[in-house]
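The values are calculated or read from the model by the stated rules, or taken from the named source; none is laboratory data. Being a predicted model, the structure only gives us computed values, none of them experimental. Backbone-built Cβ (ideal geometry, glycine too); neighbour counts: all protein chains shown. Each accessible area value is taken on the protein alone, full model and side chains, heavy atoms only, with ligands, DNA and RNA left out. Shrake-Rupley method; radii C 1.70, N 1.55, O 1.52, S 1.80 Å.
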Amino acid sequence: MTSAAISPLERIHRFTDELRARGVPVSMVERLDGMRAAGVAELDRADGLRTALRATLVKSADHLAVFEEVFDLYFDPPGARRASQAGPPDANPRLDLEHAVRSVLRDGSGELSRQVAEQAVEDFVRFEPGRPVAGVFYELSALAGLRLDELVAQQLAEAAADISGSGGPGGLDDPAQRLRFELQRTQTTTRAELLRGRVRKSIRELLVADRGADAVAKTLRQPLTADIDIVRANRAQLAEIQRVLIPIQHKLATTVMRKRRSRTDLIDVRATLRASMATGGVPVKVVHRKPRPTKPHLYVLADMSGSVANFAAFTVSLVASMSQLFSRLRTFAFIDNAAEVTDVFRQVRGPERAIAAMRDYVTAGELGSSTDYGRALRQFHATVGQELEHRSTVLIFGDARGNFRPAEEATLAKIARRAGSVYWLNPERRALWNTGDSMMSAYEPHCTAAVTCQTLNDLRGFIEQLG
């Protein structure tokens, strides 16, 4: 059945099936709500159906990008727009693409962006019907033909030259002129990104017209940002994880504090006996003590070797961003030497900068070069062992792969005896523990809990339990 032959009801069914396949939670009730909303949507408006389905099917801002991508595949008829705009040969004259791209970057015209994208796809993309591809190579070919990055760089250089030659005091060294340039740079890069999106949209229209929405959607399918394996994430995925991480930090901090304040485990015996006097000495009403939450001491030991550096930087950054939840927070990084990096994570904002800072440590040789968990544990214990007490929580981030060097599990046992709790977060699946040079079987008995933590959702769940 071709895309055009699909009934509206079937199209909504396939659309919601694809959302669920990508990890967006859509229940049967919400699916029915979406169908009812589609029946009363303002279909005469371009975004009427989009708004109706978004309101009924999307419950988290984390899922908006997935919704928009899938909606465009199923409800933006490929070729319809081109057909409606088709006319005599002279009605759509060919553009001078370089001049047009400069105009888009300068003025941000949406209609001109669309024309540039469609002509770029026509001129620079060698489309091969029937190939099961996501269109990434096609997109790169079109953008390379447009020389978009080069033209963006030229536009920014011209803007800097204009500001420097405008006669303003200090040129770009002047704060006001610098702010003006930064605003222009943000505006230009935003318009360039929108043009990239237009090119991507034009290519996907061709793919859908060729193979159908279901086939293209399956090719484009990616895990949700919160479900991406941090260790294996590429640069673009890391940037998206960092974007999602910001609201998670605030939400987790609020959740943990609320849980602490709501604890009413302890019974106030005196108040309960006093209340029982009104019922003949029978304690009908049990009175609990008012919660007086204490802030724990947190100690973090993170493996910064190449295999798990991204994971450690993200997890430590998340913990450091919630430092207000702890009365003491000390962070240590190691490869074969452990060094305190508390100030590094306190001063830098975001995992990307934290990763860069840790690479500087590695380059300087302060953390060593070959992972040695046993030595790192000894150094960590020698530094903080006397501080640990019942309010102390120790978090260890790492895969426990120590290059077949001594595990020194006795040192971890000493740490566990002094600390209130020890948690080990391992970025590997449990099936991989104790394979090769993994030493988790030696460490796990001395931990309050040892858990797999590969994604932001795993990390979020663990911190909520920790609170």
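Some notes on this structure:
- Rounded to the nearest 10 square angstrom, residue 412 shows an accessible area of 0 square angstrom against a 1.4 Å probe.
- In this simple spin-label approximation, residue 187 and residue 284 carry label points 7 Å from Cα along the Cα→Cβ vector, and these lie 7.3 nm apart.
- Sites residue 40 and residue 111 - FRET efficiency at Förster radius 22 Å, r taken between beta-carbons, to 0.05: 0.10
- For residue 290, the aspartates and glutamates whose Cα falls under 15 Å of its own Cα, not counting residues fewer than eight places away in the same chain, are 265, 268.
- 13 Å Cα-Cα reach of residue 414 towards aspartates and glutamates, excluding residues that sit fewer than 8 places from it in its own chain: 387, 389
- Computed E for residue 94/residue 60 - FRET, C-beta separation, R0 60 angstrom, nearest 0.05: 0.85
- Rough spin-label spacing in nm, given labels placed 7 Å along Cα→Cβ, for residue 149 and residue 432: 3.0
- Put 343, 303 in order of accessible area, highest first, and with a 1.4 Å probe you get 343, 303.
- For residue 140 and residue 390, the FRET efficiency from 1/(1 + (r/R0)^6), where r spans their Cβ atoms and R0 equals 60 Å, is about 0.55.
- Electrostatic tally near residue 420: other residues with Cβ closer than 13 Å to its Cβ, Lys and Arg +1, Asp and Glu -1, net +3.
- Backbone phi angles across region 211-224, fed through the Karplus curve with coefficients 6.51, -1.76 and 1.60 (θ = phi - 60°), yield HN-Hα couplings of 10, x, 5, 4, 5, 5, 4, 5, 5, 7, 4, 9, x, 4 Hz in residue order; Gly and Pro are listed as x.
- For region 107-123, backbone phi angles converted through the Karplus equation (6.51, -1.76, 1.60; θ = phi - 60°) give residue-by-residue couplings of 10, x, 5, x, 5, 5, 4, 4, 5, 4, 4, 5, 5, 5, 5, 5, 7 Hz, Gly and Pro being listed as x.
- Highest average first, the peptides 173-182, 209-218 ordered by how many other beta carbon atoms sit within 10 Å of their residues are 209-218, 173-182.
- Alpha-carbon spread of region 114-241, three principal axes, descending order, Å: 59, 38, 18
- Phi angles of region 127-142 translate, via the Karplus equation with coefficients 6.51, -1.76, 1.60 and θ = phi - 60°, into HN-Hα couplings of 6, 10, x, x, 6, x, 10, 8, x, 5, 5, 4, 4, 4, 5, 5 Hz per residue; Gly and Pro are given as x.
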